[in-house]
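Worksheet: the structure to be examined is printed underneath.
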Amino acid sequence: MRTIAIGLLLVILASILIEPLVEISLVMKDKIALGTSLSNAARSAKDRSLQYEAMRGLDAKVDPERFKDYFSEAFGAAMNASLDSRSGDTLRFRSNNGKWNDIVVTLDIAENEDPSTERTVTKVEVSAESDYRFKTKYLRAASGAGTTSPFRMKMDRELLLSVKN
């Protein structure tokens, strides 16, 4: 009887110790997925939204509206999310399968002239933020009770666009 009690105690203690480790691995997996989707969508939008006429003069000028359209299409497909709202440089995505909380993406597009080449280069800063949706039972219950502050995932990417001869 004593060995059964010790075995049961060990199982309970192991689950208490392993549960946070599982959640940490799931957080890292979701951060990697968010970062990869952000990078791929930005790269896809960059390739498709450069203005062809400016490229002939070796200037990297981006049409901001086309960049936002292509970015939202690629990011939504990668994250299985749909564009919920769009105001200015802020895009809000809602998950189609309930895996993610709302994802807010902020785009900052700035054109500058490179002093060494005297050509236009475009700098695009992309930032995504979302509250993490806990996967394990204990942390879901704790976040539902309001005893913990939400864990925010934030990813930033920066693209520097230039055209080389």
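Each value in this text was obtained by applying a stated rule to the coordinates, not by laboratory testing. Everything numeric in this text was worked out from a predicted model, so none of it was measured. Because the Cβ atoms are built from the backbone with ideal geometry, glycine has one as well, and the counts that use them run over all protein chains shown.
Data overview
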item	result
Fewest-first sequence of L83, L58, L10, L91 by Cβ atoms within 10 Å of each Cβ	L10, L58, L83, L91
The chain - mean residue ellipticity at 222 nm from DSSP helices (-39,500 (n - 2.57) per run, n ≥ 4, rounded to 500)	-16000 deg cm²/dmol
Cα→Cβ-extended label distance, 7 Å offset, between I12 and D156, nm	4.6
Extended-chain gain in nm, criterion 0.36 nm per residue less alpha-carbon gap, E111 and N97	1.3 nm
Relative exposure of T122, T3, T36, judged by other C-beta atoms within 10 Å (fewest first)	T3, T36, T122
Sequence-separation-based contact order of segment 29-161, relative, with Cα cut under 8 Å and 6+ spacing, percent	21
Segment 29-161 - Rg (one decimal) and Dmax (whole number), Cα, Å	17.4, 59
Extreme residue, positive dipole direction of segment 29-161, given options F67, L34, M55 (C-beta unit charges)	L34
Over 28 Å between alpha carbons, listed pairs K68/K154; K68/K164; K29/K68; K123/K154; K46/K135	K46/K135
Cα centre as origin, Lys/Arg/Asp/Glu Cβ charges: the chain dipole, Debye	900
